[in-house]
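Engineer: My structure is below; once you've seen it, I'll send some questions.
The values are calculated or read from the model by the stated rules, or taken from the named source; none is laboratory data. Just so we're clear, the structure is a prediction, and the values are computed from it rather than from any experiment. Please note that ligands, DNA and RNA were not included when accessible areas were found on the heavy atoms of the full protein model with its side chains. Shrake-Rupley method; radii C 1.70, N 1.55, O 1.52, S 1.80 Å.
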Amino acid sequence: MSIKSLFHAAVIAGLLSTPQAAMADQMQDDAQAAADRWDQAYNAGEVDKLSNLYASDAIVVTKGKTQSGEDIGKFFSGLKSKGWDDHKTVVKSAQPKGDLVIVTGRWEMTGPGPDGAKKKFEGNWVNVLEKKDGSLKTVLHTWN
């Protein structure tokens, strides 16, 4: 294959993948916007607003037990009252699967350290979001 043929093939491949790449970028942007709304609601202590970001049948898998329904808001309100604050999520990938989007990334927040001073904690984060009525709602939330 000549250099010219390789060049044309690369240009065509690039043109064909551009809409798909743009859709993937948009999905990641939408997932980051959803994560930002979660961070803002949690950091402001707005439990009702935070709870509304979850689907009615959502589950949150925590270290202690699985939370669902009203227990989701209670769980996060309890964390906040114990000094866990300044939550930030960074989306690393967002993969659509039908009406669902599997989102992965990193989280960080400050919390009480062993000596009572605030300490930074961080880890991996997974959310499964459901596209419904023009918005994304969390149906599964877990982290480590």
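Engineer: May I ask you to work out the translational diffusion coefficient for the range 20-71 at 10 °C, viscosity 1.306 mPa s, via Stokes-Einstein with Rh from the Kirkwood sum over Cα pairs, reported in whole µm²/s?
Structural biologist: Details: Rh = 12.6 Å.
Estimated diffusion coefficient is 126 µm²/s.
Engineer: While we're looking at this one, here's another question. Largest first and in whole Å, give the semi-axes of the range 27-137's equivalent ellipsoid, each being the square root of 5 times a Cα gyration tensor eigenvalue.
Structural biologist: Square roots of five times the eigenvalues give 24, 16, 12 Å.
Engineer: Can you tally the lysine pairs in the range 74-144 where the Cα-Cα distance is under 24 Å and the two residues are eight or more apart, or on different chains?
Structural biologist: Going through the range 74-144 pair by pair, I get 27.
Engineer: So how much accessible area does residue 82 have, in Å² to the nearest 10, using a 1.4 Å probe?
Structural biologist: Spelled out: residue 82, probe radius 1.4 Å, area about 140 Å².
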